[in-house]
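Asks: I am attaching a structure below and will ask some questions about it afterwards.
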Amino acid sequence: MRVLVVKTSSMGDVLHTLPALTDAANCLPNLTFDWVVEENFAQIPSWHFAVNNVIPVAIRRWRKNWFAKQIRQERHHFIQQLRQLEYDCIIDAQGLIKSAFLITRKARGIKHGLDRKSIKEPIASWFYDIKHYVPKQLHAIERVRLLFAQSLNYPYSDCMGDYAIARHFLSSLPEDNQQYLVFLHATTRDEKHWTEEAWRELIKLIEPTGLKIKLPWGAPHEQERAIRLAQGFKHVDVLPKLSLAQVATVIAGAKAVVSVDTGLSHLTAALDRPNITLFGETDPKLIGGYGKNQYSIISPEKSMQTITAGQVYQQLADFL
C-alpha cells in the first residue's frame with residue numbers, strides 16, 4: 001500500500017508529522033510513504049524508516065517569481081514527478097488552500113484531509129474526496145496522528161507518539177557525546193527572542209560545571225549574535241555553518257538543550273534530547289515540545305524579558 005503525504009512546511013510542522021508515520025507503519029507493515037515537502041526541509045522525511053521517496057517542492061521560492069521561465073519549468077517537472085504514481089491514499093496534513101489546490105488535487109489517488117470544522121482554511125477541504133473531523137483542542141501532533149488513523153483505517157492510540165528518527169543519528173554521534181550543552185538562541189520573530197544579557201548570564205552560571213556549550217546558527221545575523229554571546233567565555237563554541245542533518249547530529253549528542261520557540265526546538269524533541277524551551281507570548285499547549293524530557297518555562301507576563309537565567313539554570317540543574 002502506497003501513501004502520499006502532503007506536509008510541506010514549516011520545520012516544526014514537518015517534524016510533528018513523523019509520529020503519525022510511525023503509528024501507521026506499526027499498524028500496517030506493508031505501508032510505504034512518499035512525502036511532498038518544501039525543499040529546505042527535504043532531509044527530514046528521509047530520516048524516517050517508513051519513507052520511500054521524498055518529493056521536494058519549492059512554493060516559497062517559486063512565488064517570488066511565479067511566471068519566470070525557469071520557475072515554470074520547475075513546476076512542470078514537479079507535477080510530472082507528483083503524478084508518476086497512483087496512490088492508494090493521499091493525506092493532506094498541511095490543510096491550507098495552497099497545499100490542497102497546488103499539490104493535493106493534482107496527485108493521483110483518493111484524497112483525504114480535514115473537514116471544514118477541523119481545518120485552518122475551510123476552502124481547502126473542497127479539494128478532498130474524504131474529509132475527517134479532528135478536534136482543534138488537541139496538540140498538533142495528536143491531530144495529525146488522528147487524521148492518519150482515520151484516513152488509513154487503523155485504531156488511534158493516545159500513548160506517546162514516536163518520531164522514530166533518533167536512531168538515524170546514533171551511529172554518527174561525536175566523540176564527546178553528551179558532554180556538552182546546546183543553546184538554540186535563534187528564532188524568526190523578535191518577541192520570541194531571549195535577551196543576550198540573559199543568555200550570557202546563563203552561560204556564566206554553566207561555567208563552573210565544566211560543560212561546554214555549543215551555539216549553532218543559520219543566518220549571518222544569527223552568527224553575529226552567537227559570537228557576541230560567546231565573547232570572553234572559553235567553554236563556548238560558535239559552530240561553523242552546518243546543514244540541517246549536521247545540526248541534528250550535534251543536538252543528538254547533547255547532554256541537554258536550552259531553546260527559544262523555534263523549529264530546532266521541535267527537532268530536539270524528535271531526537272529525544274532533554275530540552276527546556278522558553279515561551280513569552282506563545283502558548284505552548286497546542287504546539288509546544290512533545291516527547292521525552294521536554295520542559296517549558298512560560299513567562300506569566302507573556303514577555304521573554306521576564307524569564308531569568310536563574311530560573312533556567314535551576315531547571316537545567318536536574319540534567320547536570
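Derivation of every value follows stated rules applied to the coordinates shown; laboratory data play no part. Values in this document were obtained by computation on a predicted structure and should not be read as measured data. Heads up, the Cβs are rebuilt from the backbone with ideal geometry, glycines too, and the neighbour counts pull from every protein chain shown.
Asks: Amide H to amide H under 5 Å from LEU239: which residues, 5+ apart in sequence or cross-chain, H placed 1.01 Å off N in plane?
Replies: For LEU239, the qualifying residues are LEU215.
Asks: Normalised by the residues of the chain, what does the relative contact order come to in percent, with Cα pairs under 8 Å and at least six apart? Could you put the intermediate results ahead of the total?
Replies: Working: 614 pairs, mean separation 49.9, N = 320.
Once normalised by length, the contact order is 16 percent.
Asks: Can you give the angle from 0 to 90° between the axis of helix 140-152 and the longest principal axis of the chain, with both taken from C-alpha atoms, to the nearest 10?
Replies: Roughly 20 degrees between the two axes.
Asks: Right, here's the next one. What is the gain in length, in nm to one decimal, between GLN73 and LEU28 on full extension, counting 0.36 nm per residue of separation less the C-alpha to C-alpha distance? Display every interim value, and only then the final one.
Replies: Values: separation 45, 0.36 × 45 = 16.20 nm, distance 3.71 nm.
In short, 12.5 nm is gained.
Asks: In whole Hz, with x marking every Gly and Pro, tabulate ³J(HN,Hα) for segment 286-298 from phi via Karplus 6.51 cos²θ - 1.76 cosθ + 1.60, θ = phi - 60°.
Replies: 9, 9, x, x, 10, x, 6, 6, 9, 10, 10, 10, 10
Asks: Between HIS139 and residues 5 or more places away or on another chain, which pairs have amide H atoms under 5 Å apart, with H built 1.01 Å from N, and which residues are they?
Replies: Residues meeting the criterion, in which the H sits 1.01 Å from N, do not exist here.
Asks: Please list 3J(HN,Hα) in residue order for segment 3-13, calculated via the Karplus relation 6.51 cos²θ - 1.76 cosθ + 1.60 where θ = phi - 60°; whole Hz, with x for glycine and proline.
Replies: My calculation for segment 3-13 gives 10, 9, 9, 10, 8, 8, 6, 7, 4, x, 5 Hz in order.
Asks: For a test of the definition: using alpha carbon positions, the gyration tensor, and the 1.5 limit on a/c, classify segment 130-198 as rounded, prolate or oblate.
Replies: Details: a/c = 3.64, a/b = 1.52, b/c = 2.39.
Oblate shape, in that a/c is at least 1.5 and b/c is the bigger or equal ratio.
Asks: Lysine pairs in segment 226-320 with Cα distance under 23 Å, only those 8 or more apart or on different chains: how many are there? Mind showing how you got there, number by number?
Replies: On the way: LYS234/LYS255; LYS241/LYS255; LYS255/LYS292; LYS285/LYS302.
Lysine pairs satisfying the spacing and distance rule in segment 226-320 number 4.
Asks: Ok, one more. In whole percent, what relative contact order does segment 2-164 give with Cα contacts below 8 Å and a gap of six or more residues?
Replies: 26 percent
Asks: Could you tell me whether segment 165-270 comes out rounded, prolate or oblate from its Cα gyration tensor? Rule is a ≥ b ≥ c as square roots of the eigenvalues, rounded for a/c under 1.5, then prolate if a/b exceeds b/c, otherwise oblate. It would help to have the intermediate numbers written out before the result.
Replies: On the way: a/c = 1.71, a/b = 1.21, b/c = 1.41.
Note, shape of segment 165-270 comes out oblate.
Asks: What FRET efficiency, computed as 1/(1 + (r/R0)^6) with R0 = 35 Å and r the Cβ-Cβ distance, is obtained for LEU205 and LYS292, rounded to the nearest 0.05?
Replies: On the way: r = 25 Å, r/R0 = 0.71.
Computed FRET efficiency for LEU205 and LYS292 comes out at 0.90.
Asks: Now a separate question. Test of understanding: ordering CYS27, CYS159 by Cβ neighbours within 10 Å, fewest first, what list do you get?
Replies: CYS159, CYS27
Asks: Still on this structure, I have one more. Computed FRET efficiency, Cβ-Cβ of THR308 and LYS117, R0 56 Å: what is it to the nearest 0.05?
Replies: On the way: r = 42 Å, r/R0 = 0.75.
So the FRET efficiency works out to roughly 0.85.
Asks: Run the quick spin-label model on ASP129 and GLN43: label points 7 Å from Cα toward the beta carbon, then report their separation in nm to one decimal.
Replies: 3.6 nm
Asks: Give a residue-ordered list of calculated ³J(HN,Hα) values for segment 117-123 (Karplus: 6.51 cos²θ - 1.76 cosθ + 1.60, θ = phi - 60°; whole Hz; x for Gly, Pro).
Replies: 3J(HN,Hα) across segment 117-123, in whole Hz: 7, 9, 9, 6, 10, x, 4.
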